[in-house]
Amino acid sequence: EAGVAQSPRYKIIEKRQSVAFWCNPISGHATLYWYQQILGQGPKLLIQFQNNGVVDDSQLPKDRFSAERLKGVDSTLKIQPAKLEDSAVYLCASSPNFMGQGDTGELFFGEGSRLTVL
Amino acid sequence: EDKVVQSPLSLVVHEGDTVTLNCSYEVTNFRSLLWYKQEKKAPTFLFMLTSSGIEKKSGRLSSILDKKELFSILNITATQTGDSAVYLCAVEPGGGEYGNKLVFGAGTILRVKS
């Protein structure tokens, strides 16, 4: 079974530039997450999708971050304009749970996209 | 606000030692607690715990949950250099329609010296 795919693996940009990250979850997984992991910290949820709908984006800095999952499969996370404090690893994860099933369990993570903002 | 605190932040041991990693939490409507191992890439799943007092075991790793005292421990016996990693504890709050919204601690950095 193919895992969660992310690209690019690394990106270096200057502040005020824009960047986009792409994620393709495990086939059939309804739920997709974007986490931000700053060096020395645990991952922090930015946004959660259920199919193509947003379930939780309460911690997404909406003035500069946006994300979409138009067809309920792959997803793109964009930052525009980037700030120095956006330097982090952006982890995409997916899980197979469906509405109403209340399944608890593991998330399947991609290898992350490391962003450095200069 | 949901919170997960891990301790120690880091530790260095020698091969063969036994280590205990701690995770305490405050969360609304607890559903589960998960442990992940993170090397220089994606976090990989170790355990999911939902019930107090029931030990989960996988090889040299084991974990147990205390829902009364709101903590979990992860034990690693006979440590090997390959156990060097960041160990992340995460809690899944309940009450929502969709699960798996994990709240992570900052992690414990384990370094095993040969």
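The values are calculated or read from the model by the stated rules, or taken from the named source; none is laboratory data. Keep in mind that what you see is a predicted model, and the values were worked out from it rather than measured. Heads up, the Cβs are rebuilt from the backbone with ideal geometry, glycines too, and the neighbour counts pull from every protein chain shown. Areas reflect the complete protein model, heavy atoms only, side chains present, ligands, DNA and RNA absent. Shrake-Rupley method; radii C 1.70, N 1.55, O 1.52, S 1.80 Å.
Express in % the proportion of alpha carbon pairs of chain A at distances exceeding 24 Å.
20
Picking from B:Ser72, B:Ser84, B:Ser51, which is most flexible by a Gaussian network model of chain B using Cα springs under 10 Å?
Result: B:Ser51 has the largest fluctuation of those listed.
If the limit is 25 Å between Cα atoms, which of A:Lys11/B:Lys101; B:Lys68/B:Lys101; B:Lys37/B:Lys113; A:Lys44/B:Lys57; A:Lys11/B:Lys113; A:Lys62/B:Lys37 go over it?
Over 25 Å apart, Cα to Cα: A:Lys11/B:Lys101; A:Lys44/B:Lys57; A:Lys11/B:Lys113; A:Lys62/B:Lys37.
Taking the Cβ-Cβ separation of A:Tyr10 and B:Glu69 as r and a Förster radius of 35 Å, what is the calculated FRET efficiency to the nearest 0.05?
0.25
Only Cα pairs within less than 10 Å get springs; with that Gaussian network setup on chain B, which residue of B:Phe45, B:Phe104, B:Phe71 has the largest fluctuation?
Maximum fluctuation in the GNM of chain B, among the listed residues, is at B:Phe45.
Taking 0.36 nm per residue of sequence separation and subtracting the Cα-Cα distance, how much length would be gained by fully extending the chain between A:Ser27 and A:Lys71, in nm to one decimal?
Extending this stretch completely gives an extra 14.5 nm.
Principal axis extents for the stretch B:3-113, Cα atoms only, whole Å, descending order, please.
For the stretch B:3-113, the Cα spread along each principal axis is 44, 29, 21 Å.
What FRET efficiency would be calculated for the residue pair B:Ser52, B:Ala78, taking the C-beta separation as r and a Förster radius of 25 Å, to the nearest 0.05?
For R0 = 25 Å, the calculated efficiency reads 0.40.
In whole Å, what are the Cα extents of the protein assembly as shown along the three principal axes, biggest one first?
47, 42, 36
For chain B, modelled as a Gaussian network with Cα springs under 10 Å, which listed residue fluctuates most, B:Ile54, B:Ile64, B:Ile73?
B:Ile54
Counting only the heavy atoms of the protein chains, how much of A:Asp57 is accessible to a 1.4 Å probe, in Å² to the nearest 10?
Answer for A:Asp57: close to 50 Å² accessible.
Over the Cα atoms of the stretch A:1-58, each weighted equally, I'd like the Debye log10 I(q)/I(0) at q = 0.13, 0.17, 0.18 Å⁻¹, rounded to two decimals.
-0.44, -0.74, -0.82
With each label point set 7 Å from Cα along the Cα-Cβ vector, what nm distance links A:Arg64 and B:Lys3?
With each label point 7 Å from Cα toward Cβ, the separation is 2.7 nm.
Work through the residues other than B:Met48 whose Cβ is under 9 Å from its Cβ and net out their charges, Lys, Arg +1 and Asp, Glu -1.
Around B:Met48, the surrounding residues sum to -1.
Rolling a 1.4 angstrom probe over the protein heavy atoms, how many square angstrom per residue are accessible across the protein assembly as shown?
Each residue of the protein assembly as shown exposes 49 Å² on average to a 1.4 Å probe.
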